[in-house]
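The block underneath contains the structure these notes are about, expressed in structure tokens.
The values are calculated or read from the model by the stated rules, or taken from the named source; none is laboratory data. Here the structure is a predicted model, which means the values were calculated and not measured. A quick note on method: Cβ atoms are made from the backbone with ideal geometry, for glycine too, and the neighbour counts reach across all protein chains shown. Just so you know, the surface numbers come from the protein's heavy atoms only, side chains and all, with ligands and any DNA or RNA stripped out. Shrake-Rupley method; radii C 1.70, N 1.55, O 1.52, S 1.80 Å.
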Amino acid sequence: MKVSIRNEQNKIEATKELRELVKKVLKTGLDYMNFDDNSEISIMFVDNDEIHALNKLHRGIDRATDVLSFPLFEYDEEGNIMKDECDFGENGELILGDIVISLERAKEQAEEYGHSFEREVGFLTAHSLLHLLGYDHMTPDDEKEMFAYQEEILKLCNLSR
């Protein structure tokens, strides 16, 4: 698995430990979902102003959010990856997409929910990874399934509440 992480904000330190945590959650999530880890994911850490601008530009929602996911492949009706619609990295990795996390919002939410900043970043990473893999929470059943997967991934990473 290839993960590139760019820090595009200066409000919260993006430590080596935080970067390693994000990679661990991604690897654990791909393993848990039995997804080929010959893949590539791009992570960008931003602040609330930047994620607000991205949210408005890409989703038409004029407010800050915590995380955005930009999947770069699609599934067919049988649930198979449409290989002819995919992009591959220089070493043949399937490019899953981009994840943008507002570290500023993650810190705010960690305080609101009463858990650690690391747990919140782990949660946002797992949540966004599942979006890259095609999961959503638009219906109650979809939400129940996706959130159960999130919790299992977080448990495996020792990031339970």
Phi to ³J(HN,Hα) by Karplus 6.51 cos²θ - 1.76 cosθ + 1.60 over the range 4-11, Hz, x for Gly, Pro
10, 10, 10, 9, 10, 9, 10, 8
Could you give the longest part of the chain that holds none of the GluC sites (Glu not before Pro) found in DSSP loops with at most 15 neighbouring Cβ atoms within 10 Å?
91-161
So, for the chain, what is the accessible surface per residue at a probe of 1.4 Å, expressed in square angstrom?
55 Å²
At 20 °C and 1.002 mPa s, what whole-number value in µm²/s does Stokes-Einstein give for the translational diffusion of the range 29-161, with Rh from the Kirkwood sum over Cα pairs?
136 µm²/s
For the chain, share of DSSP beta bridges that run antiparallel, in % to the nearest 5:
35 percent
Restricting to lysine pairs 8 or more places apart or on different chains, what number in the chain have Cα atoms under 25 Å apart?
28
Tabulate in residue order the Karplus-calculated ³J(HN,Hα) for the range 89-95, using 6.51 cos²θ - 1.76 cosθ + 1.60 with θ = phi - 60°, rounded to whole Hz; enter x for Gly and Pro.
x, 5, 10, x, 6, 6, 7
